Amino acid sequence: MHKPCESIFWQCRVRCCAGCFGSVFYSRSNLHSVWKSSYAATFIVFQEVAQYIPCVTVIPWKGPWDGEDKVYFPPNIRIFRHEYGRVRRGELRLEEWATMKKQLFEETIMHSAACHEWQTARNAKRAEELQHTRSRRKSVIYDKLRALGWGDEIDRLEKEGNSLLSTHRVVLQAKDLTEKAWIRIQPQLVKLLEEIRHE
């Protein structure tokens, strides 16, 4: 089972992990399959409104971007192509369309900024909650080990600034400790402290 992806590109309204990014987003020169018409025929129109189409800024040489520094989410380009059909049929002037795209883009940018701010605050809160859980777990484990007579070894490690115990994978987990889990991890922690006692 994959972990839920936390990488959200709010401007494009898409959630995408780093491994999929290169295949999900297209550079402008790779949009032929989306244009469904000659690149040259659409390029001039694209230039008129490109700055108002949601995109993601990338480092040109770090991906299949053909030197481009902006990449696009194909569904957004399909919407662009569909809307351009109205311009082509004379139902809407190009200038009017460009103005509409600009207004919509500005609204999208404002909404994206608000969403990004919300996500940042949410991630910070989640990180704080996880840290509290880790601290609580560590405290319970240490109390149990002290009750078994390993207090001197724990104090020695802390005095020396040795993180061998505190960063052990079964101590560092962001999970509250259950009795069942304690029974499972106790032997390996006791073994570790025995080795420290005999150093």
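All of the numbers you see were taken from the coordinates with simple rules; none came from a lab. Only a predicted model underlies this, so the values are computations on that prediction, with no experimental measurement involved. Cβ atoms come from the backbone with ideal geometry, glycine included; neighbour counts cover every protein chain shown.
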With Cα atoms, 0 to 90° folded angle of helix 94-147 axis to the chain main axis: 10
Charge sum, other residues only, whose C-beta stays under 13 Å from Glu128's C-beta, Lys/Arg counted +1 and Asp/Glu -1: +4
Loop-located chymotrypsin sites (Phe, Trp or Tyr not before Pro) in segment 49-144, at most 16 other Cβ atoms within 10 Å (DSSP): Trp61
At R0 = 25 Å, FRET efficiency that the Cβ-Cβ distance of Glu91 and Glu48 yields, to 0.05: 0.90
Principal-axis tilt of helix 179-197 within the chain, Cα atoms, nearest 10 degrees: 60
Using alpha-carbon coordinates, inclination of helix 74-88 to the longest axis of the chain, degrees: 20
Gln119 paired with Lys102, simple spin-label distance in nm, labels 7 Å along Cα-to-beta-carbon: 2.8
Using a Förster distance of 35 Å, the FRET efficiency for Ile183-Ile8 (Cβ separation, nearest 0.05): 0.30
Positive minus negative residues near Thr167 (Lys, Arg vs Asp, Glu; Cβ under 13 Å): +3
Hydrodynamic radius by Kirkwood, which averages 1/r over all alpha carbon pairs of segment 11-132, in angstrom: 16.2
The chain - percent relative contact order, Cα under 8 Å, separation 6 or more: 17
Net lengthening on full extension, Arg15/Asp143 (0.36 nm per residue, minus Cα-Cα): 41.9 nm
